[in-house]
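Accompanying notes for the structure given below.
The values are calculated or read from the model by the stated rules, or taken from the named source; none is laboratory data. Note that the coordinates shown come from a computational prediction; the quantities given were computed from them, not determined experimentally. So basically every Cβ, Gly included, is an ideal-geometry build from the backbone, and we count neighbours across all protein chains shown.
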Amino acid sequence: MPRTKHAVARHARKKKIMKEARGFRGGRSKLYRTAMDATRRARQHAYAHRRMRRRLLRRLWIIRINAAARLEGLSYSQFINGLSKAKIDVDRKVLAELAVNQPQVFSDIARRAKEALVS
């Protein structure tokens with residue numbers, strides 16, 4: 001019988017993959033080869049979806065800002081243009097947070113943006 005030289009390292013690699021595949025259905029969590037494929041694909045999706053989450057959050061922020069700006073009589077594009085002309089440098093995440101949790105502060109910002117558009 002041939003002597004195995006890399007048994008410990010190989011076992012550790014397999015153990016790592018099988019641990020990562022816990023919770024998968026059927027052979028994807030029981031069989032090494034299918035677990036390898038499943039974890040590789042899961043990692044690819046996780047990588048892509050971390051980036052997609054940022055896109056989706058930005059879309060949500062813009063929707064919230066637009067809704068709040070329309071209550072103040074401005075469209076989203078007019079509001080953003082007014083902010084840049086008023087030299088108010090606040091990112092969309094913070095603006096959306098203000099629109100939801102502190103509408104009084106948001107309406108003050110919107111008023112200043114509207115004044116900058118007029119002048």
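Answer yes or no: is there a residue in region 15-23 that is under 30 Å from Ala96 (Cα atoms), in a helix (DSSP H, G or I), among the hydrophobic types (A, V, I, L, M, F, W, C) and at pLDDT 95 or above. No. Tell me, please, whether a residue that is in a helix (DSSP H, G or I), small (Gly, Ala, Ser) and on the phi < 0 side of the Ramachandran plot can be found in region 33-40. Looking through region 33-40, at least one residue is in a helix (DSSP H, G or I), small (Gly, Ala, Ser) and on the phi < 0 side of the Ramachandran plot.
Conditions (1) exposed (fewer than 12 other Cβ atoms within 10 Å of the Cβ); (2) closer than 22 Å to Val118 by Cβ; (3) among the acidic types (Asp, Glu); (4) touching a Gly at 6+ places or on another chain (Cβ under 9 Å), marked per residue:
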{"site": "Val8", "(1), (2), (3), (4)": "yes, no, no, no"}
{"site": "Arg50", "(1), (2), (3), (4)": "yes, no, no, no"}
{"site": "Ser77", "(1), (2), (3), (4)": "yes, yes, no, no"}
{"site": "Asp91", "(1), (2), (3), (4)": "yes, no, yes, no"}
{"site": "Phe106", "(1), (2), (3), (4)": "no, yes, no, no"}
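Restricted to region 93-104, and to residues there that are touching a residue at least 12 places away in the same chain (Cβ under 8 Å) and surrounded by fewer than 15 Cβ atoms within 10 Å (Cβ to Cβ), the residue that is nearest to Leu56 (Cα to Cα) is Lys93. Checked against (1) closer than 23 Å to Val118 by Cα; (2) among the β-branched types (Val, Ile, Thr); (3) surrounded by 13 or more Cβ atoms within 10 Å (Cβ to Cβ), Thr34 meets all criteria but (1). I'm trying to understand the selection: among the residues of region 79-102, which are under 12 Å from Ala69 (Cβ atoms) and among the charged types (D, E, K, R)? Selection gives Arg92 alone. Return a yes/no flag: does region 61-75 have any residue that is of a type in the set (Ser, Thr, Tyr), assigned to a loop (DSSP other than H, G, I, E, B), closer than 22 Å to Ser119 by Cβ and over 16 Å from the mean Cα position of the chain (by Cα). The answer is yes, given that some residue of region 61-75 is of a type in the set (Ser, Thr, Tyr), assigned to a loop (DSSP other than H, G, I, E, B), closer than 22 Å to Ser119 by Cβ and over 16 Å from the mean Cα position of the chain (by Cα).
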